[in-house]
Each structure stands twice: as structure tokens, then as C-alpha cells.
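Heads up: the structure comes next, in C-alpha cells.
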Amino acid sequence: MGTVVPSLSPTVGSNHEIHDYKGVRFGLIDIGGQTALRSSWGQYFIGTEAIILVIDSSDVNRLGLAKTELQRLIHDESLQTSLLLVLANKQDLPLSQGRLTPAQVSDALNLTDLREREWQIMGCSALTGEGLMEGMDWLVGKLISR
């Protein structure tokens, strides 16, 4: 059985779902990234054990904004011990279309400066499912070891 790929429409507001993966039950809250919604993100932070940040690897112009919002997240008191999984999405696109590699996304977000936090970046494609399970495997392994 292949990977089940969810619908590919942008999140408006928030979506709440429960998923089981390798014996770990996740309460996932998918929060829309539109400017008007960012001020409400904090209501979801209490008790958060992991942040999964999905980055559009082909949208170089918005990486500065993503970096700013990531800095805001990692400095929030409620998220101090949360794991960070960055999914560098759209790795199915050719490099000739301006897609960045996961290493380039990591550099743009200054992930190597996050010395006090456990983090991982994984290249993926929401379209094909490639890389998604590997990212979840890392996350589940870290959560279980806690």
C-alpha cells in the first residue's frame, strides 16, 4: 500500500485531526499561515511537544517571512522544549524551476543556529509523499525517547 497524500489546498483557519503513527497518537493542528491568522497561533502552543513547519522550497521570496515566524515560534515560552521538524516541500520540482535543496532551506532559516533545540530538516513532496514518512520516523523516535 502506498503513501496516502492528503488534499493539497491551503489551510484557512485551523484543522484538528488525530493520527496514529507507529504506536504514537498525534493530535495535529494544521494552522493557516495567512497574515490575519498568525496572531491566533499562540492559543495552540500549550502542551505542544513538536512543531512541524512546512516550507515551500520553490517560494524563495517568502523564506525571509518564514524565518521571522520561525524565530517567533522558537522563542515562545510555551514551545521551549518542542521538537522542530522542518519539511522542505516541493522537492519533486526540478532545481531549474528555482527550487531550493533542503540544505539551502536550512541555511535560509539559520537552522544550525538552533543549538538548544532538537531539530531536523527533511526534503519532501506532498504531491508524491516522498520524505514524509522519514520525517515522521525521526519525530516519533525522538518523542518515544523522551
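Note on ILE29/ALA103: beta-carbon distance plugged into 1/(1 + (r/R0)^6) with R0 of 41 Å gives a FRET efficiency of 0.90. So what's the stretch 69-146 giving for Rg/Rh, alpha carbon basis, Kirkwood Rh from the mean inverse pair distance? A ratio of 1.00. A crude spin-label estimate for the pair LEU93 and THR81, with each label 7 Å from Cα along the Cβ direction, gives 3.8 nm.
Each label point was placed 7 Å from the Cα along the Cα-to-Cβ direction; for HIS16 and ASP59 their separation is 2.6 nm. You can think of it this way: the chain between ARG72 and ASN110 has 12.3 nm of extra reach, that is 0.36 nm per residue less the Cα-Cα gap. Label-to-label distance for LEU143 and PHE45 is 2.1 nm, based on points extended 7 Å past Cα in the beta-carbon direction.
Throughout, read-outs are computed from the coordinates displayed, never taken from laboratory work. Just so it is clear, the structure is predicted and the values come from calculations on it, not from any experiment. Cβ: placed from backbone, ideal geometry, glycine included. Neighbour counts: every protein chain shown.
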